[in-house]
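Here is the structure we will look at, set down as structure tokens.
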Amino acid sequence: DAKTTQPPSMDCAEGRAANLPCNHSTISGNEYVYWYRQIHSQGPQYIIHGLKNNETNEMASLIITEDRKSSTLILPHATLRDTAVYYCIVSGTGANSKLTFGKGITLSVRP
Amino acid sequence: KAGVTQTPRYLIKTRGQQVTLSCSPISGHRSVSWYQQTPGQGLQFLFEYFSETQRNKGNFPGRFSGRQFSNSRSEMNVSTLELGDSALYLCASSSARPEGFYGYTFGSGTRLTVV
């Protein structure tokens with residue numbers, strides 16, 4: 001599985017958009033980008049995933065660059081409950097695919 | 001629909017004992033994976049079971065084992081517990097392949113403390 005690079009932490013003001021970057025320069029053509037988040041002591045929660053097109057759901061938007069070497073998770077209106085560790089993961093779809101978690105980025109939403 | 005259920009939520013064991021943790025996946029999910037999470041090492045993949053067969057394995061000693069039943073429920077066992085096995089153990093289920101791997105749904109975990 002390809003590796004990802006995320007800054008260790010960032011913060012944003014409540015109500016503002018939170019843009020979380022991720023680099024995955026060695027991503028393969030058939031590998032997806034997944035985003036999960038983990039609120040303290042809970043299991044990771046799926047947010048969104050994409051292959052090469054931008055994706056949006058009720059939680060967030062995922063913007064993937066044209067060369068697919070980086071992506072940005074956007075939380076459009078961050079709330080205090082969005083404070084969590086966010087993991088960007090790259091994974092294929094083959095039988096042996098799995099999610100390999102890095103250290104993630106700690107997002108702190110301030111009032 | 002019901003999520004991934006892990007039991008028990010909390011467990012305290014003594015060094016040298018063994019422990020069995022249980023996971024019930026989302027209905028229809030045939031793949032169950034297990035992760036260990038510690039403050040120092042983060043989330044680490046233990047193994048994955050699909051249709052009662054171990055299909056993928058992480059880099060853990062043989063003291064860590066698992067199995068999957070015909071109803072897709074899974075158990076993991078840790079024998080001869082060590083203090084370093086204290087961790088949050090997470091189970092995740094995913095939809096069957098080859099329709100596609102679309103990520104996991106995680107349970108809330110079992111917090112194991114070894115004393």
Quiz item: Hey, among A:SER9, A:SER70, which residue is modelled with pLDDT of 95 or more and either within 13 Å of A:GLY104 (Cα to Cα) or of a type in the set (Phe, Trp, Tyr) (or both)?
Solution: A:SER9
Quiz item: Only one residue in B:GLU75, B:GLU52 is surrounded by 12 or more Cβ atoms within 10 Å (Cβ to Cβ), of a type in the set (D, E, K, R) and more than 21 Å from B:ARG111 (Cα to Cα). Which one?
Solution: B:GLU52
Quiz item: Exactly one of (1) of a type in the set (Lys, Arg); (2) within 14 Å of another protein chain (Cβ to nearest Cβ); (3) assigned to a loop (DSSP other than H, G, I, E, B) is unmet by A:ARG16. Its number?
Solution: (2)
Exercise. Pairs only if they're at least six apart or on different chains, beta carbon under 6 angstrom, first in the range B:30-56 and under 23 Å from A:HIS40 (Cα atoms) and within 11 Å of another protein chain (Cβ to nearest Cβ), second open to solvent by less than 20 Å² (accessible area, probe 1.4 Å) and polar (S, T, N, Q); list them, first residue then second.
Key: B:GLN44/B:GLN36; B:LEU46/B:GLN36
Quiz item: What residue, among those in the range A:88-110 that are touching a Lys or Arg at 6+ places or on another chain (Cβ under 9 Å) and not polar (S, T, N, Q), is nearest to the other protein chains (Cβ to nearest Cβ)?
Solution: A:ALA95
Quiz item: Taking the range B:5-29 as the region of interest, how many residues are part of a loop (DSSP other than H, G, I, E, B), surrounded by 15 or more Cβ atoms within 10 Å (Cβ to Cβ), of a type outside the set (A, V, I, L, M) and more than 11 Å from the chain's Cα centre (by Cα)?
Solution: 1
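Identify the residue in the range A:26-58 that is part of a loop (DSSP other than H, G, I, E, B) and facing chain B (nearest Cβ under 8 Å) and, among all such residues, is surrounded by the fewest Cβ atoms within 10 Å (Cβ to Cβ).
Ranking the candidates gives A:SER41 first.
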Quiz item: Inside the range B:37-115, counting only strands (runs of 3 or more DSSP E) that do not spill past its ends, which hold 1 or more residues that are closer than 21 Å to A:TYR36 by Cβ?
Solution: B:42-50, B:53-57, B:74-78, B:87-94, B:110-114
Quiz item: Since A:VAL85 meets every condition but one in (1) of a type in the set (Val, Ile, Thr); (2) touching a Leu at 6+ places or on another chain (Cβ under 8 Å); (3) away from every other protein chain (no Cβ under 13 Å), which condition does it not meet?
Solution: (3)
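The values are calculated or read from the model by the stated rules, or taken from the named source; none is laboratory data. Values in this document were obtained by computation on a predicted structure and should not be read as measured data. With ideal geometry, Cβ positions are generated from the backbone for all residues, glycine too; neighbour counts draw on all protein chains shown. The area values use the complete protein model at the heavy-atom level, side chains included, leaving out ligands, DNA and RNA. Shrake-Rupley method; radii C 1.70, N 1.55, O 1.52, S 1.80 Å.
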